[in-house]
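Presented below is the structure to which this report refers.
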Amino acid sequence: MDWANHPGIVQAAAIIKKGGIVACPAEGVWGLSCDVWCEAAIKRILELKNRPASKGLILITHSVKSLRFFAPDLTTEQNALITDFGEENPVTWLIPHSGRVSKLITGHHSCLAVRIVRHSPIAALCAMVRVPLVSTSANPAGLPPSRTAEEVSSCFGTAVDFIAPGEIGNARNSSEIRDLLTLEVVRNP
């Protein structure tokens, strides 16, 4: 499948660029995404999920290069670790950042949570939007993450602007979370 030119991915990217929220199939669960710079969309995601802003959100991207603005001091080795680690199952990294990101994304945390996505539909969407996307699992707080487009629709109905095409990848759950400086596992799915 040519996800980079898929009409549904093109439509999802256009919606995100206009400040919308899109449900996307990720590596192990469905996620809700929006433009990193759109505070109104970020607030909508938090409201949809009934998620406190203090918990923070994740940034996803297809390329570590797009994180340079947010984390310019990462070493070559750290960039390689973020890019290459977690080939089988996704890993979200807690990284030091420049402070150039909304507190709605970092929450009460001093680090920024980032993940390089490899799953074709969401990687194509990230590449098309050309900025990191805010991401969080597609479920109201306290409920299990959605694993199908039908579950997303059941949870959110028309409150989500678009449900992107595709299916989740082969990962069994949400991503593992690790601290980049200590390599400590913070969340084991």
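Across segment 105-119, which residue is farthest from the chain's Cα centre (by Cα) among those that are over 21 Å from LYS43 (Cβ atoms) and in a loop (DSSP other than H, G, I, E, B)? Applying the filter and picking the extreme gives SER110.
For GLU77, the requirement of being more than 15 Å from the chain's Cα centre (by Cα), of a type in the set (D, E, K, R), within 17 Å of THR136 (Cβ to Cβ) and surrounded by fewer than 20 Cβ atoms within 10 Å (Cβ to Cβ) is not met.
Yes or no: segment 77-99 includes at least one residue that is within 22 Å of GLY19 (Cβ to Cβ) and not basic (Lys, Arg). Looking for residues that are within 22 Å of GLY19 (Cβ to Cβ) and not basic (Lys, Arg), one finds none in segment 77-99, hence no. Going by the conditions given, is VAL152 of a type outside the set (Ser, Thr, Tyr), in a helix (DSSP H, G or I) and farther than 13 Å from GLU27 by Cβ? Yes, satisfied. Residue check: is SER146 crowded, with 23+ Cβ neighbours inside 10 Å, part of a loop (DSSP other than H, G, I, E, B) and touching a residue at least 40 places away in the same chain (Cβ under 8 Å)? It is true that SER146 is crowded, with 23+ Cβ neighbours inside 10 Å, part of a loop (DSSP other than H, G, I, E, B) and touching a residue at least 40 places away in the same chain (Cβ under 8 Å).
For segment 17-35, filtering for residues that are touching a residue at least 24 places away in the same chain (Cβ under 8 Å) and over 26 Å from ASN170 (Cα atoms) leaves 2. In segment 70-97, of all residues being modelled with pLDDT of 90 or more and among the small types (Gly, Ala, Ser), the one that is nearest to TRP3 (Cα to Cα) corresponds to ALA80.
Among the residues making up segment 149-189, those that are more than 26 Å from PRO96 (Cα to Cα), surrounded by fewer than 20 Cβ atoms within 10 Å (Cβ to Cβ) and in contact with a Pro (Cβ under 6 Å, 6 or more places away or on another chain) are GLU167, ALA171.
If you go through segment 107-136 and keep only what is farther than 13 Å from ALA164 by Cβ and buried (at least 21 other Cβ atoms within 10 Å of the Cβ), you end up with LEU112, ALA113, VAL114, ARG115, ILE116, PRO132, VAL134, THR136. Annotation note: Cβ proximity below 7 Å between a residue of segment 160-188 that is farther than 17 Å from THR83 by Cα and in contact (Cβ under 8 Å) with a residue 24 or more places away in the chain and a residue that is outside any loop (DSSP other than H, G, I, E, B) and hydroxyl-bearing (Ser, Thr, Tyr) (sequence gap 6+ or interchain) occurs for ILE163/SER153; SER174/SER137. Residues of segment 120-143 that are under 11 Å from the mean Cα position of the chain (by Cα) and either closer than 16 Å to LEU48 by Cβ or part of a loop (DSSP other than H, G, I, E, B) (or both): PRO132, LEU133, VAL134, SER135, THR136, SER137, ALA138. Being farther than 12 Å from SER137 by Cα, among the acidic types (Asp, Glu) and surrounded by 14 or more Cβ atoms within 10 Å (Cβ to Cβ) is the filter here; which residues of segment 1-38 pass it? Residue satisfying the conditions is ASP35 alone.
The values are calculated or read from the model by the stated rules, or taken from the named source; none is laboratory data. Quantities reported herein were computed from a predicted structural model and do not represent experimental measurements. Here Cβ is always computed from backbone atoms with ideal geometry, including for glycine, and neighbour counts include all displayed protein chains.
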